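The values are calculated or read from the model by the stated rules, or taken from the named source; none is laboratory data. Being a predicted model, the structure only gives us computed values, none of them experimental. All Cβ positions, even for glycine, are placed from backbone atoms using ideal geometry, and neighbour counts span all protein chains on display. Just the protein is used for accessible areas: all its heavy atoms, side chains included, with ligands, DNA and RNA removed. Shrake-Rupley method; radii C 1.70, N 1.55, O 1.52, S 1.80 Å.
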2 protein chains.
Amino acid sequence: MMINELLKNRVSALGFESGQIDQDTIENLISAATRTPTAFNLQNWHFTVMQSDEARQALCKAAYGQAKILDAAAVIVISGDLTGYRHLAERLDASVQARLLPAEVAEGWVQVATQAFHDNPQAQRDEAIRSASLAAMSLMLAATEAGWASCPMSGFDPDAVREACVLPDNLLPVLLVAIGRRAQPDQQQKHRVPLSEVMSVR
Amino acid sequence: MMINELLKNRVSALGFESGQIDQDTIENLISAATRTPTAFNLQNWHFTVMQSDEARQALCKAAYGQAKILDAAAVIVISGDLTGYRHLAERLDASVQARLLPAEVAEGWVQVATQAFHDNPQAQRDEAIRSASLAAMSLMLAATEAGWASCPMSGFDPDAVREACVLPDNLLPVLLVAIGRRAQPDQQQKHRVPLSEVMSVR
């Protein structure tokens with residue numbers, strides 16, 4: 001399906017039918033999402049697949065009781081890594097070794113990233129949200145193409161989600177993505193405002 | 001092309017050849033991006049197409065002189081609307097009128113969104129970055145499918161970008177997306193870490 005069709009056909013599912021999704025499919029979707037770009041190729045993200053009943057219940061509570069979390073076939077918590085820049089040299093090394101990136105460019109990036117993020121909590125948070133959100137969109141489009149409905153959720157208590165996911169403090173939960181079969185198969189995408197309201201030319 | 005192929009084939013272009021892109025194509029890409037989901041269907045984004053030489057020069061300066069901004073066929077500044085929740089009732093009305101959303105659900109969303117964002121600058125900023133980033137990924141995938149290379153850029157002075165784009169204070173520049181023809185057609189995507197490093201199951 002063309003990307004325009006995927007984007008038009010995707011809806012944020014109002015509810016899910018009960019059902020299962022296998023682990024391979026989930027891993028394929030997450031793997032696709034990791035192809036998303038990040039600043040300096042930071043790959044500053046983490047994907048937590050909420051599988052056990054206990055983990056789902058805790059997550060549901062952390063997200064103000066949203067029933068989709070219990071009903072969906074899978075829920076993936078996408079977090080951004082606030083301190084991802086600390087691993088940048090190591091992460092770029094594989095690209096340098098494979099001659100995909102000149103060593104001096106990689107070194108320069110590490111310097112610039114360290115300057116940008118070290119001791120700058122707002123920049124760390126902004127970048128964590130940016131990267132995790134970019135990845136979430138890839139994940140949802142991959143799910144749509146594979147025939148799965150999805151619903152992104154940003155209404156939750158981040159500390160409680162971190163606890164439910166057993167995440168360290170450097171990971172900031174950014175979006176929960178529920179995946180499954182729509183309870184309302186005829187659900188249509190909500191209206192969008194005309195382009196002229198959200199676009200300008202300079 | 002399948003979404004997995006699009007994700008694997010996309011690269012963040014290291015440079016652009018000179019060339020042009022027509023306005024219809026740009027509008028089609030932005031239109032596709034507006035199909036991206038937002039919390040409560042806020043549509044809290046704005047797309048500024050940088051067309052004039054003067055605007056490009058100002059943007060280039062605001063982005064620390066990155067040459068891609070001058071070389072690309074188009075540069076689109078994607079901003080998030082910090083106060084998008086103020087227009088939510090109005091934006092949901094079209095979906096209510098079209099019976100895509102029950103009126104009482106829309107009213108509930110407006111209440112919850114107002115509680116979440118009113119007098120909460122951090123929540124406003126987080127949501128602005130989240131929505132603009134989700135949209136940026138859709139835009140880049142649509143561009144890839146249409147045969148255009150792209151490069152997302154988050155290294156810039158937001159106030160200077162706002163000035164170059166003539167944006168009001170409620171719009172936060174989140175990502176610059178340059179679009180054009182790659183200077184290095186054989187450029188390959190950089191390495192990604194194994195899935196096990198960025199995924200866990202609970």
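For residue B:125, the conditions (1) open to solvent by 10 Å² or more (accessible area, probe 1.4 Å); (2) over 24 Å from residue A:130 (Cβ atoms); (3) facing chain A (nearest Cβ under 9 Å) are fulfilled apart from (2).
Identify, please: which residue in the range B:3-29 is farther than 23 Å from residue A:33 by Cβ and in contact with a helix residue (DSSP H, G or I) (Cβ under 7 Å, 6 or more places away or on another chain) and is, among those, farthest from the other protein chains (Cβ to nearest Cβ)? Among those residues, the one meeting the criterion is B:18. How many of the residues in the range A:173-186 are open to solvent by 10 Å² or more (accessible area, probe 1.4 Å) and in a strand (DSSP E or B)? Counting residues in the range A:173-186 that are open to solvent by 10 Å² or more (accessible area, probe 1.4 Å) and in a strand (DSSP E or B) gives 2.
Taking the range B:128-154 only, how many residues are part of a loop (DSSP other than H, G, I, E, B) and either without any contact (Cβ under 8 Å) to a residue 12 or more places away in the chain or within 7 Å of another protein chain (Cβ to nearest Cβ) (or both)? Steps first, answer last, please.
Our first condition is that a residue be part of a loop (DSSP other than H, G, I, E, B); within the range B:128-154, this holds for B:146-148, B:154.
Those still in the list that are either without any contact (Cβ under 8 Å) to a residue 12 or more places away in the chain or within 7 Å of another protein chain (Cβ to nearest Cβ) (or both) too: B:147, B:154.
Residues in the range B:128-154 being part of a loop (DSSP other than H, G, I, E, B) and either without any contact (Cβ under 8 Å) to a residue 12 or more places away in the chain or within 7 Å of another protein chain (Cβ to nearest Cβ) (or both): 2 in total.
Keeping to the range B:85-97, report how many residues are open to solvent by less than 50 Å² (accessible area, probe 1.4 Å) and at the interface with chain A (Cβ under 10 Å from one of its Cβ atoms). Residues in the range B:85-97 being open to solvent by less than 50 Å² (accessible area, probe 1.4 Å) and at the interface with chain A (Cβ under 10 Å from one of its Cβ atoms): 5 in total.
Can you confirm whether residue A:117 is aromatic (Phe, Trp, Tyr), surrounded by 14 or more Cβ atoms within 10 Å (Cβ to Cβ), more than 8 Å from chain B (Cβ to nearest Cβ) and in contact with a Pro (Cβ under 8 Å, 6 or more places away or on another chain)? Judged against the criteria, residue A:117 is not a match.
Answer yes or no as to whether residue B:76 is open to solvent by less than 40 Å² (accessible area, probe 1.4 Å), more than 11 Å from chain A (Cβ to nearest Cβ) and in contact (Cβ under 8 Å) with a residue 24 or more places away in the chain. First the steps, then the outcome.
Values: open to solvent by less than 40 Å² (accessible area, probe 1.4 Å): yes; more than 11 Å from chain A (Cβ to nearest Cβ): no; in contact (Cβ under 8 Å) with a residue 24 or more places away in the chain: yes.
No; evaluated as a whole, the condition is false for this residue.
If you check B:167, B:171, B:195 for being of a type in the set (A, V, I, L, M), in contact with a His (Cβ under 6 Å, 6 or more places away or on another chain) and more than 21 Å from residue B:68 (Cα to Cα), only one passes: B:171. Among the residues of the range B:30-73, those that are of a type in the set (S, T, N, Q), surrounded by fewer than 24 Cβ atoms within 10 Å (Cβ to Cβ) and either under 12 Å from the mean Cα position of the chain (by Cα) or more than 9 Å from chain A (Cβ to nearest Cβ) (or both) comprise B:31, B:34, B:57, B:66.
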